[in-house]
1. Which one is surrounded by the fewest Cβ atoms within 10 Å (Cβ to Cβ) among residues in region 78-109 that are touching a residue at least 40 places away in the same chain (Cβ under 8 Å) and among the small types (Gly, Ala, Ser)?
2. So Leu75 fits all but one of (1) open to solvent by 80 Å² or more (accessible area, probe 1.4 Å); (2) under 19 Å from Gly10 (Cα atoms); (3) aliphatic (A, V, I, L, M); what number is the exception?
3. Considering only region 63-175, give the helices (runs of 4 or more DSSP H) lying wholly within it that have at least 3 residues that are under 28 Å from His245 (Cβ atoms) and of a type in the set (A, V, I, L, M).
4. Of everything in region 202-238 that's assigned to a helix (DSSP H, G or I) and in contact (Cβ under 8 Å) with a residue 60 or more places away in the chain, which residue is surrounded by the most Cβ atoms within 10 Å (Cβ to Cβ)?
5. Being in contact (Cβ under 8 Å) with a residue 12 or more places away in the chain, over 21 Å from the mean Cα position of the chain (by Cα) and farther than 21 Å from Ile61 by Cβ is the requirement here; does Leu325 meet it?
6. Do you know which residues across region 333-369 are closer than 30 Å to Ala193 by Cα, touching a Ser or Thr at 6+ places or on another chain (Cβ under 8 Å) and crowded, with 24+ Cβ neighbours inside 10 Å?
7. So which pairs qualify, if the first residue must be in region 142-162 and farther than 23 Å from Leu21 by Cβ and polar (S, T, N, Q), the second must be open to solvent by 10 Å² or more (accessible area, probe 1.4 Å) and in a loop (DSSP other than H, G, I, E, B), the Cβ gap must be under 6 Å, and the two must be at least 6 apart or on different chains?
8. How many of the residues in region 353-388 are more than 17 Å from Glu59 (Cα to Cα), of a type outside the set (Ser, Thr, Tyr) and either assigned to a strand (DSSP E or B) or in contact with an Asp or Glu (Cβ under 8 Å, 6 or more places away or on another chain) (or both)?
Amino acid sequence: MKKSVSIIGGGPAALILAALLDCEKFKVTVYEKNKTLGRKFLVAGKGGFNLTHSEPIAELIARYTPPHFLERALLDFDNEDFRQWIDTIGIPTYIGSSKRVYPESGIKPITVLNAILDVLTKQGVAIQYQHTWTGWRNKDDIVFNTDTAIKSDYTIFALGGGSWKITGSDGAWLDLFERKNIPIVAFQSSNCAYRVNWPEDFILEHEGSPLKNIAISCLNKRQKGEAVITRFGLEGNAIYALSPHIREELESQQKATIFLDLKPTLCHEDLLDKIRKSTFKKTSETLQKEVKLSPAQIGLLKKYLSKEIYLNPELLAQNIKKLSLEITGAALLNDAISTTGGIQLNAVDENFQLKDKKSNYCIGEMLDWDAPTGGYLLQACFSMGMHLARHLNSLS
């Protein structure tokens, strides 16, 4: 007789788990609070649909915070394994110039989602829509908004984090776990904009300006990429990847200091040489035409440096390579791309089973790990789903 598996949530981790469970062993049901599956998956695809990242697995693992929690799952089902699997269901991929992995041209997010859903159909997976999980009854029976208690041999929670409430990922489930004394951590924004209290005259002139080909540092972490100046502060991949480090400083000091390298392609000596040998009389012309800085980058230097420092080639070069800015806060949860917090990692075992609630598992963003944008978030969710599917399939 088949054992029953209830999967609560319809995001990437849940879907690949359902697709890979042995249909000869299990009767699988996915319970989704929305009218459709994969809403956050589709919304994420609107911003450039990178499915994973192609870098070597050791480098990829190091992108996660903490790195060792997901190491086994990522090694079991790495970025190349994922590309091979998704190709088998009709979604070929390619590696872009940024080394991110995308579906081949013309393949939209809905096409990828439908390909995965087709696997679920072939597997005989049942899907129950508009089922909001409201807790447990009689120890392990799961209850939904219908107030119907459902018995299940295995229950897997894939409830998502606390960002993008419009997709149903609102984190409201956190209290239900806390009431059962399951260790939790409050949600915090990650991969989000960070507040900089810009001078008003600066932001009036430069709001919306990109800072391209820069590097940003915080604590011991440095990240190359781009950022955008907004009225709120800074956002973009160069600062998103520093989220764990910025949060650490904000928590301990209520502010964080970041350092901008406005010309990472030049070392300090070469930069200083360009400035000193320039034939332009005005420093701004030198920066624009010799150093190739943008108007927004020059505006930053003018606003944050004194006239004496700005006109001193040595000090100017130092600040082009290391301009300090103060971060005073993070964007709200709902404005973040992802969140940290959720179920504490020490509450689950190596197979993501709750230590104090056997046969109950948690996967995906609802666990307290972090990763930058660029395919890392999706890869982790797919790897966790695959890892758990293999574990359950191995049980007698």
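The values are calculated or read from the model by the stated rules, or taken from the named source; none is laboratory data. Source: prediction; values computed, not measured. A quick note on method: Cβ atoms are made from the backbone with ideal geometry, for glycine too, and the neighbour counts reach across all protein chains shown. Remember, those area values only see protein heavy atoms, side chains included, never the ligands or the DNA or RNA. Shrake-Rupley method; radii C 1.70, N 1.55, O 1.52, S 1.80 Å.
1. In this case the residue turns out to be Gly96.
2. (2)
3. Numbers: elements: 71-76, 79-88, 109-123.
Helices (runs of 4 or more DSSP H) meeting the threshold: 71-76.
4. Restricting attention to region 202-238, the residues satisfying the condition of being assigned to a helix (DSSP H, G or I) are 202-206, 237-238.
From the residues that got through so far, the ones that are in contact (Cβ under 8 Å) with a residue 60 or more places away in the chain too are 202, 205-206, 237.
Values: Phe202: 17, Glu205: 14, His206: 20, Asn237: 17.
Of everything passing the filter in region 202-238, His206 is surrounded by the most Cβ atoms within 10 Å (Cβ to Cβ).
5. Details: in contact (Cβ under 8 Å) with a residue 12 or more places away in the chain: yes; over 21 Å from the mean Cα position of the chain (by Cα): yes; farther than 21 Å from Ile61 by Cβ: yes.
Yes, satisfied.
6. Ser338, Thr339, Thr340, Glu365, Asp368
7. Once the first residue is farther than 23 Å from Leu21 by Cβ and polar (S, T, N, Q) and sits in region 142-162, its partners that are open to solvent by 10 Å² or more (accessible area, probe 1.4 Å) and in a loop (DSSP other than H, G, I, E, B) give Asn145/Thr132.
8. Number of matching residues: 10.
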